Each structure stands twice: as C-alpha cells, then as structure tokens.
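First comes the structure, then the notes that go with it.
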Amino acid sequence: MTPDKERPQLPVVLVAGMHADARRRAVDRLLADVPGSVALHHDLGSAADGTVTRTVRDATGEVSRGAAPLVNDCACCALREDLMPELLRLAGSARLAVVELWDSVEPMAMAEAVAAHGGHTVGPTNVITAVDPALVLPCLANGDDLTEAGLAAAATDQRTVADTLARQLEYAPVLALVDEDEADDEDRALLTQLHPTARQVPLDSPELAQLAFAGFDVETAAAAQHPSCALLPQEADEAGVATLVWRGHRPFHPGRLYQALEDLTCAAARSRGRFWLADRPDTLLGWDAAGGALSVETAGPWLASLPDAAWDLVPPMRRAAASLDWHPRHGDRCQHLVFISPGLDREGLTQLLESCLLTDAEYAAGREAWKRFPAAFDDLLSPVS
C-alpha cells in the first residue's frame with residue numbers, strides 16, 4: 001500500500017467491469033461516500049461516429065460533457081489521450097477521481113498510463129472491478145469476439161468477451177459485488193477461485209470508499225499477471241467448482257500437445273499458466289484460455305537459459321518465482337497450469353496432460369533430439385530465434 005504521505009495530489013481509482021449496471025452502482029457509491037469526488041467516463045460506444053464521448057459528474061449529476069476524436073482508429077487510444085489532461089485539470093479541485101472504464105476496457109493499460117504520466121500530481125490508488133457473480137459463468141462461456149458483441153475498442157481488436165472479463169477480474173485487488181438472490185453458491189465459488197486474493201466487497205458497502213485510497217503499485221500488479229511469475233490460484237473444490245493445479249518439469253511433446261489443445265481448452269471455464277515445449281527449450285510460453293478460445297504467447301526466456309551476468313537485470317519477483325520452481329536439471333523450466341471450472345474432470349484432465357509429456361524414451365534422447373520434433377506450434381507462435 002502507498003503511505004498517506006506518498007499519495008498523489010489527486011488520487012485516482014479505476015472502476016472496471018463488463019457488467020455496466022454493477023459498474024455504475026459502484027461509481028455512484030463512491031461519489032456519494034467521498035465528498036469532493038468526481039467521476040470520468042469515456043463512452044467508446046460512440047466511436048463509430050469518429051469520436052469518444054466524455055462525461056464528468058459528481059454526486060449531484062453531470063458536470064460537463066465533451067468529445068475526443070479517435071486516434072489511429074482506436075477508441076482506447078483516444079481514451080488514453082484524453083484522460084490525462086482531464087485528470088490533471090481536476091487535480092486542483094477534486095478530492096478523488098473515479099475513472100469509470102467502458103465495458104471492454106481492461107484496467108491494466110489505464111492504470112499504467114495514469115502512473116506513467118501523472119507524475120506526483122495524479123496517480124492510481126486502487127483498481128476495482130464491479131461484477132455480478134450470476135453473470136460470471138455465462139460471460140466466461142462466451143467465446144464471441146468483442147466485435148461481434150459490439151464491444152470492440154478498435155478495428156483490430158481480436159479479444160473475446162470471455163478473456164476480457166477474466167483479465168478484468170484477475171487484475172483488480174478489489175471486486176465490488178452485486179449482492180442479490182440471482183447468484184448461488186456455485187457462482188460465488190467460481191468468482192473466489194478465479195481470484196482468491198481479491199478483496200470482495202458488496203457494492204453498497206461503505207468499505208468501498210476506504211479501499212479507493214488503499215494504494216496501488218502498477219509494477220507489482222503487472223508482474224502478478226505476467227506468465228513468468230503470475231500469482232496463480234491454488235487447489236480448491238467448493239460448491240461444485242474445482243481448481244486443478246497441474247505441475248511438472250518434463251517438457252511437452254509439441255505434436256501431442258497441439259493435438260490435445262481443443263480438448264484442454266474446452267475442459268475448463270478458465271485456464272492459464274506457463275509451460276515449455278521440448279523443441280523450444282529456452283522459451284517460456286504463456287497459456288491463457290477462456291470461452292473455448294486459447295491464446296499461447298512467448299513470454300521471454302526461461303532464466304535457466306540466460307548467462308549468469310544477465311540475472312542482475314531480472315526483476316526480483318521474476319527471480320523469486322524461478323527459485324520456487326527450480327529443478328536440478330532444467331532450472332526454472334516447468335509446467336504450471338491451472339484449470340478452474342464447475343464440474344471439472346480432474347482425473348481425465350490430468351491424464352490428458354500427462355499423455356502430452358515426453359515418454360521415457362523421448363526424454364532420454366536429450367535436447368538435440370527434442371529440437372528435431374515437428375514444430376507444431378509455428379502457426380500459434382513466431383519461429384524459434
């Protein structure tokens with residue numbers, strides 16, 4: 001947390017979430033409970049007309065309205081360009097700025113923009129995602145592109161409803177919850193297992209205003225989401241929702257894993273983590289799946305592949321994560337995947353994952369033999385350098 005003496009002149013709390021009614025209620029609560037607070041909202045739904053509509057309001061209602069032109073045909077870019085001047089303008093008069101993000105905007109990019117450009121005047125003091133627990137599973141099951149749902153922030157936006165919601169939930173230290181009868185125990189268990197360390201607060205709680213000033217470190221938050229050192233959930237089983245944490249040090253056979261991708265992706269409402277392939281022994285790969293869609297990305301080198309002199313350049317959180325997974329032969333190379341879902345078939349999923357690992361004979365053949373395996377992931381990843 002940021003001590004009081006280090007708080008910026010204008011504290012900024014970001015309120016994110018795809019559930020617009022819940023998000024608006026959270027903002028209204030903050031405006032009512034923090035005297036002198038103002039809320040900014042950029043409506044990206046008007047981007048088709050070439051502009052983004054900005055509104056500023058306080059507890060009494062709308063204070064001002066304006067428009068920002070699109071930047072590079074990107075509504076999110078226009079938001080970033082317009083947000084900081086507005087926040088700096090408010091720094092001398094407002095006690096708290098509540099930035100209500102539009103439905104599909106992810107809070108990480110906005111929090112980092114505020115931290116990077118606010119100096120000592122403006123800075124993020126927390127991130128809150130407002131959520132209706134009853135809608136989490138339907139959204140996680142929605143593999144539609146944001147474009148199809150009318151929620152794209154740019155013409156090139158290829159995100160889905162499911163993966164966008166997942167990242168909104170997992171980034172925020174605070175989840176502001178709709179507390180109504182529609183949500184059952186399964187809904188609440190799913191939300192808790194998706195982000196076990198988040199502070200869950202009812203939308204109507206006065207605690208929300210206190211948490212707005214709690215403090216927020218963008219570097220720590222980013223590291224907690226990066227595949228190399230993500231703070232992944234632990235094993236859990238409650239109300240029909242389970243979390244399977246699957247670990248290993250033997251590499252995957254690229255061909256067998258590729259053939260199993262569809263089954264693995266559809267086995268859980270949400271899965272993520274880091275893994276390695278036998279034919280790419282120096283590349284840390286990130287796994288991110290929701291809504292039946294999978295994203296696999298290169299996330300830099302494994303630390304074991306770096307020369308000793310390079311370790312001093314590696315952030316402490318990255319070194320700490322590597323030490324926890326260290327193996328005498330493979331270093332920090334590991335399989336660390338987490339699958340979360342109602343009705344999860346733990347046994348079947350474990351067997352499928354283990355079938356994708358190298359056999360004893362393949363493993364014994366060594367790295368030079370592994371590199372000759374067919375490069376099955378070339379269509380998902382850039383070629384090995």
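The values are calculated or read from the model by the stated rules, or taken from the named source; none is laboratory data. If you're wondering where the values come from, they're calculated on a predicted model, not measured in any experiment. All Cβ positions, glycine included, derive from the backbone under ideal geometry; neighbour counts span all protein chains shown. Ligands, DNA and RNA are stripped out before the accessible areas are found, and what is left, the full protein with its side chains, is counted by its heavy atoms. Shrake-Rupley method; radii C 1.70, N 1.55, O 1.52, S 1.80 Å.
Listed as lacking a disulfide-compatible partner in the chain: CYS76, CYS139, CYS229, CYS266, CYS334, CYS356, by the criterion of no other cysteine Cβ under 4.7 Å. Here the chain exposes an accessible surface that is 50 percent carbon and sulfur, computed with a 1.4 Å probe and the other protein chains kept in place. Spin-label model, ALA222/HIS120: points 7 Å from Cα along the beta carbon direction are separated by 2.3 nm.
In a DSSP loop and with at most 15 other Cβ atoms within 10 Å, the GluC sites (Glu not before Pro) in the range 120-181 are GLU148, GLU180. Dividing the convex hull volume of the alpha carbon atoms of the range 142-210 by its residue count gives 123 Å³ per residue. Computed on protein heavy atoms with a 1.4 Å probe, the accessible areas place THR265, THR350 in the order THR350, THR265, largest first.
Extension gain for the segment GLU354 to ALA236, taken as residue separation times 0.36 nm less the Cα-Cα distance, is 40.4 nm to one decimal. Shown is the FRET efficiency for GLU347 and SER93, computed with R0 = 56 Å from the Cβ-Cβ distance and rounded to the nearest 0.05: 0.40. Computed over the chain, the P(r) tail beyond 34 angstrom holds 33 percent of alpha carbon pairs.
Ordering ARG329, ARG280 by accessible surface, largest first, gives ARG329, ARG280; the 1.4 Å probe counts only protein heavy atoms, with every chain in place. Shown here for the range 209-302: GluC sites (Glu not before Pro) in loop regions (DSSP other than H, G, I, E, B) with at most 15 other Cβ atoms within 10 Å, namely GLU235.
Looking at the range 296-385, the chymotrypsin sites (Phe, Trp or Tyr not before Pro) that sit in a DSSP loop and have at most 16 other Cβ atoms within 10 Å of their own Cβ are TRP326. Between SER64 and ALA155, the FRET efficiency estimated from the beta carbon spacing at R0 = 35 angstrom works out to 0.75. Per residue Cα convex hull volume for the range 22-152, in cubic angstrom? Spread over its residues, the Cα hull of the range 22-152 gives 116 Å³ apiece. Normalised by the number of residues in the range 256-385, the average gap of Cα pairs under 8 Å and 6 or more apart makes the relative contact order 33 percent. Note that the chain presents 44 Å² accessible area per residue, ligands and nucleic acids not counted, probe 1.4 Å.
Here is the tail figure for the range 203-342: Cα pairs spaced more than 26 Å apart come to 34 percent of all pairs. Remark: accessible surface ordering of SER271, SER64 (largest first) is SER64, SER271, probe radius 1.4 Å.
Stokes-Einstein diffusion for the range 148-263 at 37 °C, viscosity 0.692 mPa s, with a Kirkwood radius from C-alpha pairs, works out to 189 µm²/s.
Three principal axis extents describe the C-alpha atoms of the range 237-301; from largest down they are 40, 20, 20 Å. Using C-alpha pairs under 8 Å with a sequence gap of at least 6, the mean separation divided by the residue count of the chain gives a relative contact order of 16 percent. Using only Cα atoms and rounding to the nearest 10 degrees, what angle (0 to 90) does helix 20-33 make with the longest principal axis of the chain? The helix 20-33 is inclined about 50 degrees to the chain.
Rg and Dmax, both from the Cα atoms of the range 42-89 and both in Å, are 10.9, 35. Ranked by the mean number of other Cβ atoms within 10 Å of their residues, highest first, the peptides 129-136, 220-227, 284-291 fall in the order 129-136, 284-291, 220-227.
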